[in-house]
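Heads up, the thing below is written out as structure tokens.
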Amino acid sequence: METLPLGNTGERVSQLALGCMLMGTMADEETSFRILDRYLDDGGNFLDTANCYAWWPGPAFRGGESESLLGRWFARTGRRDEVFLATKGGAWIRDLAEVRAHPDDPGAAARQYEGAGGQTLRRALDDSLRRLGTDHVDLYYVHVDDRNTPLEETLEALADLVAAGKTRYVGWSNVRTWRLERIRQLAERHGWPAPVAVQQQHSYLRPRPGADTTSIVDDEQLDYLRTHDDLTLVAYSPILKGSYDDLTKRREHHVMESYRGPDSDARFAMVAEIAAELGVTGNQVVLAWLRQQRDPRLVTLVGVRTLEQYAAAVRSLDVQLTEDQMTRLAEAGA
Ligand SMILES: NC(=O)c1ccc[n+]([C@@H]2O[C@H](COP(=O)([O-])OP(=O)(O)OC[C@H]3O[C@@H](n4cnc5c(N)ncnc54)[C@H](OP(=O)(O)O)[C@@H]3O)[C@@H](O)[C@H]2O)c1
């Protein structure tokens, strides 16, 4: 599996990162362990989780299930040192009963995020390390940019965590470009570690005009990343939950709310056309398209629930889009 440099850190991470969000909940332990074994055997080294993964698949879950499963897998295999391990803090749900009491309110969870206060992050990372059964992670993200906490407080806490050896690098997720720039300026001014990775939702479809792009890479962010190669884009939900091959998801999945419209219709049609030419799936065309991006290059963070889905993602590494196909994909749209 190809690797990419992570910012200017000197580290190299797999171009295909493995999202562990559903491990321990939607994906059972046996399946998850098999996926993890296969990913490392295939040469992968970049695992992604978060402390809040995953409270939402059902009432039996609280968050922490994914990290705990990874901890058990590390204990069983001894492979902790073979991976570049990323986790996140800040989106742990304080009052889960309150969120569950309002299932139709899309803002209910966000109101309960514990945020990126200094004390919160210090405690949250200790909790994550305990679940993961390790003394450090390689990358610790602020999961959701927190406008209610002074950035100085968050950055100083992250600097302490790096100094204590509990994380080697820091990153940010779900963050606007102007905030990233402010974070970087503050880090430089105070000598605090600056983020080396930004984790955002990014796929082939473009967000529709008027969509909230705090979490989604937009043109401005791409432009910014092109000129800041010390910051690596880690693209989550790359296949928009499988929407490229599933008409029901395309119509009904909440992830599509940010994309529906004529531009996406035209882009879906182009993906289908090229998938038919190559005899592969639409999801695989999109994963190949992301892999072949050069400016900026990016890490594609796939989420898989089954071994078959994992195998399909790995097969996308063999899909090579021609220059003509890349051009047609780039030009498709309304
Ligand atoms: N920073 C953040 O806020 C944030 C947010 C979301 C995710 N993430 C990270 O990014 C990772 C990936 O995100 P994601 O799960 O949203 O990514 P995704 O790859 O867009 O979606 C994964 C889903 O796509 C479907 N799928 C996967 N392979 C498929 C295949 N071959 N054929 C048909 N359907 C397929 C499955 O849906 P079904 O389960 O329905 O089959 C799977 O659960 C997560 O694990 C997590 O680590 C981060």
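Computed from the coordinates by the stated procedures, all read-outs in this text should not be read as laboratory data. On a predicted model such as this, the values are computed, not experimentally measured, just so you know. Heads up, the Cβs are rebuilt from the backbone with ideal geometry, glycines too, and the neighbour counts pull from every protein chain shown.
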Once label points are set 7 Å from the Cα along Cα→Cβ at both ASN8 and ARG315, what is their separation, rounded to one decimal in nm?
4.2 nm
When the charge dipole of the stretch 252-331 is computed with +1 on Lys and Arg Cβ and -1 on Asp and Glu Cβ about the Cα centre, the Cα farthest towards its positive end, among GLN293, LEU278, GLY303, belongs to GLY303
Can you give the percent of C-alpha pairs in the stretch 261-334 whose distance is more than 18 Å?
40 percent
For the stretch 68-136 versus the stretch 209-257, the gap between their alpha-carbon centres in whole angstrom
23 Å
Farthest toward the dipole's positive end in the chain, which of MET256, LEU70, LEU36, given Cβ charges of +1 (Lys, Arg) and -1 (Asp, Glu) about the Cα centre?
LEU70
Measuring from the lowest to the highest alpha carbon on each principal axis, how far does the stretch 86-141 reach, largest first, in angstroms?
38, 21, 15
Inter-probe distance in nm under a simple model that places probes 7 Å from Cα toward Cβ, at ALA269 and TRP56
3.1 nm
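Across all directions of projection, what mean area in square nanometres is found for the Cα convex hull of the chain?
Mean orientational projected area (the chain, Cα hull): 16.0 nm².
Pull out a ≥ b ≥ c, the square roots of the eigenvalues of the alpha-carbon gyration tensor of the stretch 103-257, then state rounded if a/c is under 1.5, prolate if not and a/b is larger than b/c, and oblate in the remaining case.
On the way: a/c = 1.87, a/b = 1.49, b/c = 1.26.
Prolate, because a/c is 1.5 or more and a/b exceeds b/c.
If you average 1/r across every pair of different Cα atoms in the stretch 181-302 and take the reciprocal, what Kirkwood value do you get, in Å? All intermediate terms of the calculation are to be shown ahead of the outcome.
Working: mean 1/r = 0.0645 Å⁻¹.
About 15.5 Å, per the Kirkwood formula over Cα pairs.
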Rounded to the nearest 500, what is the chain's calculated 222 nm mean residue ellipticity when only DSSP H runs of at least 4 contribute -39500 (n - 2.57) each, over all residues?
-12000 deg cm²/dmol
Kirkwood Rh and Cα-based Rg: tell me the resulting Rg over Rh for the stretch 119-172, rounded to two decimals.
0.94
Measuring from its Cα centre, the stretch 1-108 shows a charge dipole (+1 at each Lys and Arg Cβ, -1 at each Asp and Glu Cβ) which, in debye to the nearest 20, is 220 debye
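For ASP126 and GLU331, compute 0.36 nm times the residue count separating them, minus their Cα-Cα distance, and round to one decimal in nm.
Numbers: separation 205, 0.36 × 205 = 73.80 nm, distance 4.71 nm.
Difference between extended and current length: 69.1 nm.
I need the shape label for the stretch 1-110. Rule: rounded when a/c is under 1.5, else prolate if a/b > b/c, else oblate, with a, b, c from the alpha carbon gyration tensor.
Prolate.
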Excluding same-chain residues fewer than 8 positions from LYS88, which lysines have a Cα within less than 18 Å of its Cα?
LYS166
Only Lys, Arg (+1) and Asp, Glu (-1) charged, at Cβ; the chain dipole about Cα centre in debye
440 debye
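In whole angstrom, how long is each semi-axis of the equivalent ellipsoid of the stretch 83-193, when you take the square root of 5 times every eigenvalue of its Cα gyration tensor and sort them from largest down?
Semi-axes from the Cα gyration tensor: 24, 18, 11 Å.
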Pairs of alpha-carbon atoms within less than 8 angstrom and 6+ residues apart define the contacts here; what relative contact order does the chain have, in percent?
17 percent
Based on the Cβ-Cβ distance of LEU307 and ASP104, what FRET efficiency does E = 1/(1 + (r/R0)^6) give at R0 = 45 Å, to the nearest 0.05?
0.85
Counting only DSSP beta bridges with both partners in the chain, the antiparallel fraction in percent, to the nearest 5, comes to 10 percent
Dipole axis of the chain (+1 Lys, Arg; -1 Asp, Glu on Cβ), positive-most option in ALA197, LEU158, LEU18:
LEU158
Label point distance in nm, TRP178-GLN119, each placed 7 Å from Cα along Cα→Cβ:
3.1 nm
Within the stretch 208-310, which GluC sites (Glu not before Pro) sit in a loop by DSSP and count at most 13 neighbouring Cβ atoms inside 10 Å?
none
So the FRET efficiency between ARG94 and ASP41, C-beta based with R0 = 30 Å and rounded to 0.05, is 0.15
As a test, work out the antiparallel percent of DSSP beta bridges whose residues both lie in the stretch 1-140, rounded to the nearest 5.
35 percent
Quick one: Kirkwood hydrodynamic radius for the stretch 43-88, alpha-carbon pairs, angstrom, one decimal?
11.3 Å
